[in-house]
Amino acid sequence: MKTLGRILIILAVTALVTGALYLIVNAGGTGTASDFTQRGEQFASSSDFEAGARPEFEGGGREPRQLGGGWAFGLLKNMGVISLLVAILVLPKGLAKRKRLAAVKVKADDTV
Amino acid sequence: MTNGQTQSNKQIKNKWILDLTIFIGFLIAMDPHSTGIAIHEWLTLSALVTIMIHLLLNWDWIAQVTLRFAGRVSTRSRLNYILNWLLFIDGILIMLSGILISESVVPALGISLPAGFAWRRLHDMSANIALLLLGLHTALHWDWIVNAFKTFIAQPIGRLFVKRDERKDVTA
């Protein structure tokens, strides 16, 4: 029962955020193609969408395409981005901790 | 080890396995060029269940920080809480925009949604933001991840080798 209540809370919050985001994006007037065409971007003709095709930007969009590194290039790139972020944030903390421990050790040695 | 500690260790192990699954799933889902659109869409849709379990497993922390956010909470927890909310909102934006530009899941359900260029762009943008937020989320929990790895992977493997060495000594 407790878990069910929690699930309902999560779903309610998700629904609220989803509704808010949908309203914000559409109220911003960016939900339609007109905003992009005003900026000079070119898409396929509107007749393509009537036939059920999804909108794509020039240069491929979501269709599978060959990238420089081949299969799993994107996966490795994303892994690299996360590793870099973790290294930037975690390594300085670890070094500072080591320095602090070394300083404490030196103090302890001095007192002996 | 007491029963309570065993339970706690079990919970930590489950959390760690689930988080690892979400992390790997996210990395695979973030590369639709390799997997293809169908796998990309069905995988992210199934990720909703794992994220729901992730939230339920961490419910106590979420409830505690929500109640005490304006009061006595460490800066780290506050930062973590804000980051988690950003990740949650960004995740919803990815899902919403993904559903609206869906080429596999939504058509398979027989639903036709209006096409919007902005959603396509928002989907890419929110996915890139999610990658950065996930990196920060991982960095903030790095100590926990490493400790869990040591406890549930490195130490049991190490113990296996120790046992083998002991057996060799006995037979020799």
key: Candidates B:Phe117, B:Phe149, B:Phe161, filtered to the one that is of a type outside the set (D, E, K, R) and facing chain A (nearest Cβ under 10 Å)   = B:Phe117
request  = Can you give me the number of residues within the stretch B:77-126 that are touching a Lys or Arg at 6+ places or on another chain (Cβ under 9 Å) and either among the hydroxyl-bearing types (Ser, Thr, Tyr) or assigned to a loop (DSSP other than H, G, I, E, B) (or both)?
outcome  = 6
task = Any chance you could count how many residues in the stretch B:4-47 are in contact with a Pro (Cβ under 9 Å, 6 or more places away or on another chain), not in a loop (DSSP other than H, G, I, E, B) and not hydrophobic (A, V, I, L, M, F, W, C)?
result = 6
inquiry  = Test of understanding: among B:Asp90, B:Asp143, which residue is closer than 20 Å to A:Met79 by Cα and surrounded by fewer than 15 Cβ atoms within 10 Å (Cβ to Cβ)?
reply    = B:Asp143
query = Which of the residues that make up the stretch B:17-48 are aliphatic (A, V, I, L, M) and away from chain A (no Cβ under 11 Å)?
reply = B:Ile17, B:Leu18, B:Leu20, B:Ile22, B:Leu43, B:Leu45, B:Ala47
query = Identify, please: which residue in the stretch B:3-26 is open to solvent by 80 Å² or more (accessible area, probe 1.4 Å) and out of contact with any helix residue (DSSP H, G or I) (no Cβ under 9 Å at 6 or more places or on another chain) and is, among those, modelled with the highest pLDDT?
reply = B:Ile24
message = Can you confirm whether B:Ala63 is in the same structural domain as B:Arg121 (by TED's automatic domain parsing), at pLDDT below 90 and among the aliphatic types (A, V, I, L, M)?
response = no
ask   = When the residues of the stretch B:14-47 are filtered to those that are within 14 Å of the chain's Cα centre (by Cα) and among the charged types (D, E, K, R), which remaining residue is nearest to A:Val81 (Cα to Cα)?
value = B:Asp19
request  = Residue by residue through the stretch B:58-87, note down the ones that are open to solvent by less than 70 Å² (accessible area, probe 1.4 Å) and under 17 Å from the mean Cα position of the chain (by Cα).
outcome  = B:Asn58, B:Trp59, B:Ile62, B:Asn80, B:Tyr81, B:Leu83, B:Asn84, B:Leu87
request  = Can you tell me which residue within the stretch B:69-83, out of those that are modelled with pLDDT of 90 or more and within 12 Å of chain A (Cβ to nearest Cβ), is farthest from B:Trp119 (Cα to Cα)?
outcome  = B:Leu79
ask   = Looking at the stretch B:101-112, is at least one residue within 18 Å of B:Trp42 (Cα to Cα) and touching a Gly at 6+ places or on another chain (Cβ under 6 Å)?
value = no
request  = Considering each of A:Arg39, A:Arg65 in turn, give the residue that is at the interface with another protein chain (Cβ under 9 Å from one of its Cβ atoms), surrounded by fewer than 10 Cβ atoms within 10 Å (Cβ to Cβ) and modelled with pLDDT under 90.
outcome  = A:Arg65
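The values are calculated or read from the model by the stated rules, or taken from the named source; none is laboratory data. The shown structure was predicted, so the numbers you read here are calculated from the model rather than taken from an experiment. Counting neighbours? That spans all protein chains shown, and the Cβs are built from the backbone with ideal geometry, glycine included. Only protein heavy atoms, including side chains, enter the accessible area calculation; ligands, DNA and RNA are left aside. Shrake-Rupley method; radii C 1.70, N 1.55, O 1.52, S 1.80 Å.
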